Amino acid sequence: MHIRDWPETERPREKLLARGPGSLSDAELLALFLGSGTAGQDAVASARTLLLQQEGLRRLLDRDTRALTRLRGIGPARACLLSAALELGNRHLAAQLERGEALGEPGAAGRYFAQRLRKLGHEVFAVLYLDTRHRALAFEELFHGGIDGAEVHPRILVQRALAHGAAAAIIGHNHPSGNPDPSAADRAVTTRIKQALALVDVRLLDHFVIGDGPPTSMAQLGMV
């Protein structure tokens with residue numbers, strides 16, 4: 001059955017208009033970009049097949065544009081459309097932090113760290129510097145490591161915070177393994193950084209660990 005023959009309330013486009021994009025499954029959202037299916041499958045079925053083959057939406061969208069073009073059912077036009085949509089989402093998220101507005105809720109910073117760090121194959125430690133009203137001043141990737149970790153120096157972080165005139169900071173790093181749970185080393189370095197920043201009256205607001213799934217907030221776990 002073609003999608004146009006489905007009940008109107010179940011068609012992805014009509015469903016999105018009636019209930020919002022959050023009501024759609026990953027396959028239904030992807031189907032809107034595919035537009036049509038392949039080999040006797042409708043667009044939603046083709047999208048489900050792609051997601052199964054690529055082990056989910058994240059692994060699919062982590063591919064660069066050229067890699068997407070090689071996937072059956074996508075091709076150059078759809079690959080460009082998907083990459084452009086993803087970049088628009090990334091820029092919208094970045095604009096929320098860069099337009100001089102105070103952070104409305106902590107989750108926005110976590111999503112920003114995830115967008116910047118999740119795709120990286122090596123560990124990266126980054127810092128978001130904030131003013132007294134918790135408006136973003138700058139974002140820096142300070143320390144880079146191999147697959148096993150990054151060497152973090154609180155002294156350098158303090159120097160950069162002072163250079164930006166920061167009153168607060170949020171730190172974050174990725175776990176290339178995909179495990180978002182804070183390690184003992186993560187907890188130890190968070191304590192060291194918090195103590196070092198306190199000496200220059202800069203508050204550490206949170207430490208996000210980026211792996212698979214939602215970012216882990218160490219502040220919410222009582223570790224900051």
Checklist entry - What size of dipole, in debye to the nearest 20, comes out for the stretch 103-217 about its Cα centre when the only charges are +1 on Lys and Arg C-beta atoms and -1 on Asp and Glu C-beta atoms? => result 280
Next on the checklist: Tell me whether the stretch 3-93 comes out rounded, prolate or oblate; compute the Cα gyration tensor, take square roots of the eigenvalues as a ≥ b ≥ c, and use a/c under 1.5 as the rounded threshold.
Outcome noted: oblate
Checklist entry - Hey, what did the stretch 103-217 get for relative contact order, percent, Cα under 8 Å, at least 6 apart? => result 30
Checklist entry - In which sequence would E151, E28 go, from the one with the fewest C-beta neighbours within 10 Å to the one with the most? => result E151, E28
Checklist entry - Could you work out the helix-only [θ] at 222 nm for the chain, with each DSSP H run of four or more residues adding -39,500 (n - 2.57) and the total divided by the number of residues, to the nearest 500 deg cm²/dmol? => result -13500 deg cm²/dmol
Checklist entry - Counting Lys and Arg as +1 and Asp and Glu as -1, what is the net charge of the other residues whose Cβ lies under 12 Å from the Cβ of L29? => result +1
Checklist entry - With charges only on Cβ, +1 for K and R and -1 for D and E, what is the dipole size of the chain about its Cα centre, in debye, rounded to 20? => result 300
Next on the checklist: Apply the Karplus curve 6.51 cos²θ - 1.76 cosθ + 1.60, θ = phi - 60°, to the phi angles in the stretch 210-224 and return the couplings in whole Hz, x for Gly and Pro.
Outcome noted: 9, x, 6, x, x, x, 8, 8, 6, 5, 5, 8, x, 9, 10
Item to check | Dipole-positive endmost among V124, L88, P154 within the chain (Cβ charges, Cα centre) | outcome: L88
Item to check | Dipole of the chain [Lys/Arg +1, Asp/Glu -1 at C-beta], most positive-end residue of A185, A109, L50 | outcome: L50
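Computed from the coordinates by the stated procedures, all read-outs in this text should not be read as laboratory data. Quantities reported herein were computed from a predicted structural model and do not represent experimental measurements. In this analysis, Cβ positions are derived from the backbone assuming ideal geometry, glycine residues included, and neighbour counts consider all displayed protein chains.
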